[in-house]
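Enquirer: Got a structure here, written out as structure tokens. Questions coming.
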Amino acid sequence: MSWHTLYHSSKFRHVYGKAASKDKCYDCVPITLSVHDNHFCAVNPHFIAVVTECAGGGAFLVIPIHQTGKLDPHYPKICGHKGNVLDIKWNPFNDFVIASCSEDATVKIWDIPKHFLTRNITSPNKELLGHTRRVGLIEWHPTASNILFSSSYDYKIMIWNLDTEKAVLSNPVKILDVHGDVVLSMSFNTDGSLLATACRDRNIRVIDPRAGVVLQETCYKSHRAHKVLFLGSMGKLLSTGTSRWNNRQIALWDQNDLSVPLMEEDLDGSSGILFPFYDSDTHMVYIVGKGDGNIRYYEISPEKPYLNYLMEYRSPLPQKGIGIMPKRGLEVSACEIFRFYKLVPTKNLVQPISMIVPRRSESYQEDIYPLTPGAQPALTAQEWLHGVNKAPLLVSLRPGSGAVNSLPELCEPKPFLNTTAPSHSQDRSGLPPEKRQKQSEVQDDKNQLIVEETWRKTEETSLSNGFDIFECPPPRTENELLHMFYRQQEEIRRLRELVNQRDIQIKQLDLRLRNI
């Protein structure tokens with residue numbers, strides 16, 4: 001077993017885990033009873049998706065991220081599969097598209113409505129038919145849009161191009177047939193040019209997915225890998241598995257030389273699978289054990305000893321699966337650097353756990369929030385298939401710095417008047433240049449008001465009674481109903497004041513026109 005005696009100086013030395021209170025959890029969620037070793041949960045800034053138990057096929061729930069508390073037992077499901085759902089993944093570039101795979105040997109792509117689900121969804125947007133046995137893993141490409149990888153118990157990995165209008169796809173753009181057993185884990189490097197896999201034959205492989213060539217393969221027998229992970233731009237791989245004596249173990253590898261691991265560390269003698277998660281912004285690795293209640297976290301360094309133990313979050317509640325929130329959905333004002341969503345089947349509970357860096361200052365902490373991959377793709381599907389590699393597009397998490405959500409972009413309103421150059425009618429009006437300039441300024445102000453009004457009307461299309469439907473779930477009790485009523489009254493009062501201010505501005509502009 002490991003001993004952590006060496007002191008390591010780090011700004012993340014005192015990171016601690018904070019479990020959400022009961023009212024911030026998702027209660028009465030029927031979590032799946034499947035014994036498949038997967039996360040069973042996928043999260044983005046708008047929704048949380050959880051694989052659920054369902055008779056007569058497979059299903060999963062999609063719940064708005066702010067709709068916490070007890071879940072209605074008749075809440076609508078996504079239930080188009082004929083077998084148990086084994087994996088779900090949100091599209092990293094569209095928060096309203098999710099992929100799922102199942103024991104029925106299909107992969108389905110679903111469009112989630114931007115309003116609340118009112119009925120079960122049974123018809124997918126796309127259906128991928130190519131595998132002959134159950135599909136256990138799916139992964140979206142990290143930089144190219146509409147590229148999806150699927151892995152099945154037929155030992156094949158298929159690459160799909162979803163940038164098509166066809167509803168049913170039966171021919172993948174590429175088939176990787178380089179494994180002799182079931183693929184247990186898939187992971188991409190930063191630009192998506194390499195794919196690392198862990199296989200049931202105990203070997204780790206680094207593959208060029210477009211060429212279908214194995215670049216590196218382990219032949220090390222003392223470490224049986226179950227999960228593998230690329231460590232960003234560090235040039236290393238992290239694997240979790242078991243040692244020769246069946247102790248749970250983590251190992252670190254050089255991605256260019258998989259003959260011998262750089263280091264190995266035994267953790268304990270439990271039997272649950274270890275799920276690794278890597279944060280490329282902080283260079284921290286989180287190790288989550290299936291059936292455990294704890295989360296270990298380490299910091300990766302480019303030099304020996306490579307893996308530096310930081311601390312451990314402990315909880316009496318065992319987790320069956322785990323989901324993680326993308327960086328753009330974190331609460332930076334609370335110095336939150338990572339967030340887990342822990343599935344607790346014994347209590348039918350989904351519990352958020354925030355990893356927080358303790359800081360006294362409430363201002364934005366640039367040192368723990370560097371530029372991070374955003375919600376826009378760096379490449380199209382065709383560009384990546386033709387051999388182009390590009391790093392992900394980075395954004396800042398500073399509040400108000402720009403769009404970090406993958407929402408459909410609103411169309412820019414067209415200007416109603418040409419204010420950049422005077423027209424011929426204005427030139428022939430006979431007005432002096434000074435008056436023409438004043439008149440142009442007044443017109444600019446009126447145009448600005450018209451544009452603001454148009455933007456306001458456009459934004460209201462995504463609101464329900466003046467409130468964002470994702471921020472305000474429907475009231476479930478009389479107190480919540482009264483609270484919602486008072487909030488609406490306050491919103492009406494604020495809108496009346498806004499209308500009065502606009503009327504005053506219009507009158508002032510009319511007076512300026514008359515004076516000119």
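What follows draws every value from the coordinates through simple rules; no lab data is involved. Since the structure is predicted, the reported quantities are computational estimates derived from the model, not experimental observations. Every residue, glycine among them, receives a Cβ derived from its backbone with ideal geometry; neighbour counts consider all protein chains shown.
Enquirer: Please report the spacing between the Cα centers of region 284-354 and region 112-179 in Å, no decimals.
Expert: Computed from Cα coordinates, the inter-centre distance equals 28 Å.
Enquirer: Hey, can you grab everything whose amide H is under 5 Å from the amide H of residue 191? Only 5+ residues off in sequence or another chain; H modelled, so Pro and N-termini drop out.
Expert: none
Enquirer: Per residue of region 63-68, what does 6.51 cos²θ - 1.76 cosθ + 1.60 with θ = phi - 60° give for ³J(HN,Hα)? Whole Hz please, x for Gly and Pro, Karplus curve as stated.
Expert: 10, x, 4, 8, 8, 8
Enquirer: Using the beta-carbon distance between residue 36 and residue 181 and R0 = 22 Å, what value does 1/(1 + (r/R0)^6) give for FRET efficiency, to the nearest 0.05? Could the numbers behind the result be given before it?
Expert: On the way: r = 16 Å, r/R0 = 0.72.
So, using R0 = 22 Å, E works out to roughly 0.85.
Enquirer: Now for a separate question. Around residue 36, with a cut-off of 12 angstrom between Cβ atoms, what is the net charge of the other residues, counting Lys and Arg +1 and Asp and Glu -1? Display every interim value, and only then the final one.
Expert: Values: positive: 134, 290, 320; negative: 37, 87, 103.
Once all neighbours under 12 Å are counted, the net charge is 0.
Enquirer: Once the Cβ-Cβ distance between residue 211 and residue 111 is put in as r, and R0 is 30 Å, what FRET efficiency do you end up with, to the nearest 0.05? Can you show the working numbers first?
Expert: Numbers: r = 33 Å, r/R0 = 1.09.
Rounded to the nearest 0.05, the efficiency is 0.35.
Enquirer: Restricting to Cα pairs below 8 Å that are 6+ residues apart, what does the relative contact order work out to for region 3-154? Please round to a whole percent.
Expert: Working: 306 pairs, mean separation 24.7, N = 152.
It rounds to 16 percent for region 3-154.
Enquirer: Could you calculate the FRET efficiency of residue 382 with residue 482 from 1/(1 + (r/R0)^6), where r is the beta carbon distance between them and R0 is 51 Å, rounded to 0.05?
Expert: Details: r = 54 Å, r/R0 = 1.07.
Once rounded, the FRET efficiency stands at 0.40.
Enquirer: Now for a different question. Return the subset of 174/342; 166/290; 114/342; 82/342 for which the Cα-Cα distance in this structure is over 29 Å, preserving the input order. Before the final figure, lay out the partial values.
Expert: Details: 174/342 35 Å; 166/290 38 Å; 114/342 25 Å; 82/342 26 Å.
Violating the 29 Å Cα-Cα cut-off are 174/342; 166/290.
Enquirer: Relative contact order for region 104-146: what is it in percent, counting Cα pairs under 8 Å that are at least 6 residues apart? Please report the intermediate quantities before stating the final value.
Expert: Working: 37 pairs, mean separation 21.3, N = 43.
It comes to 50 percent, rounded to a whole number.
Enquirer: Then there's this: Rounded to whole Hz and in sequence order, give me ³J(HN,Hα) for region 313-324 from the Karplus expression 6.51 cos²θ - 1.76 cosθ + 1.60, θ = phi - 60°, writing x for Gly and Pro.
Expert: After applying 6.51 cos²θ - 1.76 cosθ + 1.60, I find 8, 10, 8, x, 8, x, 9, 8, x, 8, x, 10 Hz.
Enquirer: Further, regarding this structure: What's the extension gain from residue 490 to residue 166 if we count 0.36 nm per residue and subtract their Cα-Cα distance?
Expert: Gain on stretching residue 490 to residue 166: 111.9 nm.
Enquirer: Using the per-residue mean of other Cβ atoms lying within 10 Å as a proxy for protection, in what order, highest first, do the peptides 505-514, 75-84 fall? Don't skip to the answer; put the middle values down first.
Expert: On the way: 505-514: 11.8, 75-84: 18.5.
Result, highest mean Cβ count within 10 Å first: 75-84, 505-514.
Enquirer: Next question. Provide the per-residue ³J(HN,Hα) series for region 22-39, in order, calculated from phi with Karplus coefficients 6.51, -1.76, 1.60 and θ = phi - 60°, each as a whole number of Hz, with x at glycine and proline positions.
Expert: Running phi through 6.51 cos²θ - 1.76 cosθ + 1.60 with θ = phi - 60° gives 4, 6, 9, 9, 10, 9, 6, 9, x, 6, 4, 9, 4, 9, 5, 7, 8, 7 Hz.
Enquirer: Tell me the net charge near residue 306. Cut-off is 13 Å between Cβ atoms, residue 306 excluded, with +1 for each Lys or Arg and -1 for each Asp or Glu.
Expert: Numbers: positive: 236, 304; negative: 254, 264, 265, 299, 303.
Residues close to residue 306 contribute a combined charge of -3.
Enquirer: Shifting gears a bit: For region 149-211, calculate the relative contact order in percent as a whole number, restricting contacts to Cα pairs under 8 Å that are 6 or more residues apart. The partial results should precede the final answer.
Expert: Details: 97 pairs, mean separation 15.5, N = 63.
Answer for region 149-211 is 25 percent.
Enquirer: Now for a different question. Amide H to amide H under 5 Å from residue 112: which residues, 5+ apart in sequence or cross-chain, H placed 1.01 Å off N in plane?
Expert: Under 5 Å from the amide H of residue 112: 97, 98.
Enquirer: Please give the contour-minus-distance gain from residue 266 to residue 24: 0.36 nm per residue of separation, less the Cα-Cα distance, rounded to one decimal in nm. It would help to have the intermediate numbers written out before the result.
Expert: Details: separation 242, 0.36 × 242 = 87.12 nm, distance 3.51 nm.
Gain in length upon complete extension: 83.6 nm.
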